[in-house]
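Everything below concerns the one structure shown next.
FYI, it's all coordinate maths here, none of it is from the lab. This is a predicted model, so every value here is computed, not measured. Ideal geometry is used to build each Cβ from the backbone, glycine not excepted, and the neighbour counts take in all protein chains shown.
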Amino acid sequence: MIGFGATMQPQHCGGVIAPARRGAAATAALHASMIDHAARLVRRDGADALTMRALAHEVGCSLGMLYKIFDSREALIFAVVDRQFQDLTTSLEEIVAQAGTGTVAENLGRFADVLLGPAAEVIKLAAGVPVQEGGFHDSALGSGFVDALPTTVTRYIAAEKRLDRIGARVDEHAIGFLVTGAVHNLLVSGEAYPRPSLSEVRELLGALAEILVDGS
């Protein structure tokens with residue numbers, strides 16, 4: 001029992017000090033820290049591994065403290081996926097900015113890495129979660145991901161054509177459509193679809209890059 005004049009000790013939660021009475025800055029820091037830890041847990045152990053209890057254990061704080069930050073698992077998942085859409089959008093824009101650097105094969109490979117790498121497990125969180133209807137779509141739209149996904153490869157190829165690293169006869173819209181459709185299909189189709197490994201996808205995109213560079 002806490003006597004008169006006693007002070008409550010701060011709790012460390014996810015590497016952030018969580019005082020008994022948190023201000024706005026401390027709450028925001030805790031929120032961001034929990035999202036970082038949750039995303040790391042999912043990338044390491046898979047989408048099904050993310051439970052409130054597992055995350056509390058991961059970050060070393062009480063389950064009650066975690067529920068003060070996110071009132072449900074669904075709220076936690078929404079926050080994690082929302083952050084992932086923002087990060088994906090940034091990564092896709094970076095691919096376009098890579099035009100003129102590295103090789104075309106490497107840069108096309110990065111597109112596959114962004115969508116089929118560790119982030120894929122985070123995106124799987126959105127499947128079958130009873131969040132408010134339209135929530136994830138609104139999040140993807142607001143982050144810019146919906147606009148960036150279908151245009152990234154097209155804009156990248158167009159930029160490389162302007163730099164004369166890809167033949168002028170190459171149709172960037174056709175290549176963008178085919179590459180994006182193929183990679184997106186692997187992202188959403190699940191394990192039942194006969195799928196190559198990520199390294200094999202990179203090799204296939206590398207073979208395509210050789211044709212693009214030749215311009216034939």
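Numbers below:
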{"read-out": "Segments 57-70, 112-125, 167-180 sorted - mean Cβ within 10 Å per residue, highest first", "value": "112-125, 57-70, 167-180"}
{"read-out": "FRET efficiency for His57 and Ile211, using Cβ-Cβ distance with R0 set to 35 Å, rounded to 0.05", "value": "0.10"}
{"read-out": "Which of Val96, Val188, Val146 has the fewest Cβ neighbours within 10 Å, and the rest in rising order", "value": "Val188, Val146, Val96"}
{"read-out": "Residue-span extension gain [Lys68 to Ser189] - 0.36 nm each, minus C-alpha spacing", "value": "40.0 nm"}
{"read-out": "Cα pair distances in the stretch 78-216, grouped into 10 Å bins until the bin that holds the longest one, percent each", "value": "12, 42, 32, 12, 2"}
